[in-house]
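Structure first, then comments.
The values are calculated or read from the model by the stated rules, or taken from the named source; none is laboratory data. Computed from a predicted model, the values in this text were never measured in an experiment. Cβ atoms come from the backbone with ideal geometry, glycine included; neighbour counts cover every protein chain shown.
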Amino acid sequence: MSFDQNSAIQKAKQDLAGRLGISEGDISLSGVKDVEFPDMSLGAPADGEMAAQMISYGWRIDLEAAGKSYEYRGDKYQLRLKNFKGQNHVVVY
């Protein structure tokens with residue numbers, strides 16, 4: 001799967017809605033920006049994951065739901081959820 005910024009935002013909303021058991025309409029986009037990440041895991045490696053140490057360009061996607069903030073990181077190849085319940089998650093790779 002290949003992402004652009006808009007499709008990454010949509011997939012992040014779908015993923016968060018599923019994790020929280022709420023409607024996508026209950027999730028708002030609080031911000032999105034272009035970012036240089038330090039490695040191929042977008043600076044959010046899953047447990048035990050090793051990532052190539054090279055700059056990766058993508059987006060930081062900040063979502064809000066029920067008064068809490070959630071950070072997704074994506075590029076054209078993958079989408080990750082950072083620090084959800086203390087862990088990073090690979091959503092799509």
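Computed quantities for the displayed model
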| read-out | value |
| --- | --- |
| Subset of segment 59-77 that is in contact (Cβ under 8 Å) with a residue 40 or more places away in the chain and over 20 Å from I22 (Cβ atoms) - its residue that is surrounded by the most Cβ atoms within 10 Å (Cβ to Cβ) | G74 |
| Top-ranked residue in segment 14-49 [being charged (D, E, K, R) and within 20 Å of Q87 (Cβ to Cβ); ranked as surrounded by the most Cβ atoms within 10 Å (Cβ to Cβ)] | D15 |
| Selection from segment 1-18 of residues that are acidic (D, E) and either at positive phi or part of a helix (DSSP H, G or I) (or both) | D15 |
| Long-range neighbours under 6 Å by Cβ, at least six apart or interchain, first residue more than 16 Å from G74 (Cβ to Cβ) within segment 25-40, second part of a strand (DSSP E or B) and at pLDDT 95 or above | D26/A65; S28/E64 |
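Matching residues to (1) at pLDDT 95 or above; (2) of a type in the set (D, E, K, R); (3) over 10 Å from A12 (Cα atoms); (4) touching a His at 6+ places or on another chain (Cβ under 9 Å):
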position	(1), (2), (3), (4)
A66	no, no, yes, no
G74	yes, no, no, no
R80	yes, yes, no, yes
N88	yes, no, yes, no
V91	yes, no, no, no
